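Quick notes on the structure that follows.
Taken together, the values in this text are just the output of simple stated rules run on the coordinates, not laboratory data. Keep in mind that what you see is a predicted model, and the values were worked out from it rather than measured. Neighbour counts run over all protein chains shown; Cβ positions are idealised from the backbone, glycine included.
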Amino acid sequence: MMVSACYDGQGELRGVIQLSNKLAGSITVQDITEFYSLLPALGEILKTADDIRQLLNVSSSVHAHLLHSDKQIQQQLRSIEENMTFGLSNNIKQARALVNDLITMKKRAILSD
């Protein structure tokens, strides 16, 4: 059995690698040399996997915040549209009332002449 710590290129410990149960024969010097030659690459692979996991977490968080923001924006837009419709409706009613008053005043002016 062979066991060794696995470090990335910056010297940060990324895990422990264990090889056991060789199918044929015992562990040779060549096996040990190949095992140790693979450790730096395996450390970088583990570092890359950790980096990807962190990026996925950040991406997921950003996505959730964007969805929340989008919902808030949509709600605000609906509220603005409702207020604009209500305000426009009131303005139309007021304009209609003013026009009716103007017509009534014109009729009175014409009939009084």
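Name the residue from Asn90, Ile52, Val3 whose Cα lies farthest towards the positive end of the charge dipole of the chain, charges +1 on Cβ of Lys and Arg and -1 on Cβ of Asp and Glu.
Asn90
Which of (i) 34, 29, 24; (ii) 56, 40, 29; (iii) 125, 28, 14 is the computed Cα extents along the principal axes in Å for the structure on display?
So the structure-derived entry is (iii).
Using alpha carbon centroids, what distance separates region 8-42 and region 51-113, in Å?
67
In nm, to one decimal, how far is the Thr104 label point from the Ser89 one, both placed 7 Å along Cα→Cβ?
A separation of 2.4 nm, rounded to one decimal place.
Where in region 1-29 does the label zone of Phe35 land, with the point 7 angstrom along Cα→C-beta and an amide N cut-off under 19 Å?
1-8, 14-29
HN-Hα J couplings of region 47-62 from phi, Karplus 6.51/-1.76/1.60, θ = phi - 60°, integer Hz, Gly and Pro as x?
4, 4, 4, 4, 4, 5, 4, 5, 5, 5, 4, 5, 4, 5, 5, 4
If you put +1 on each Lys and Arg Cβ and -1 on each Asp and Glu Cβ, how big is the dipole of the chain around its Cα centre, in Debye rounded to 20?
1060
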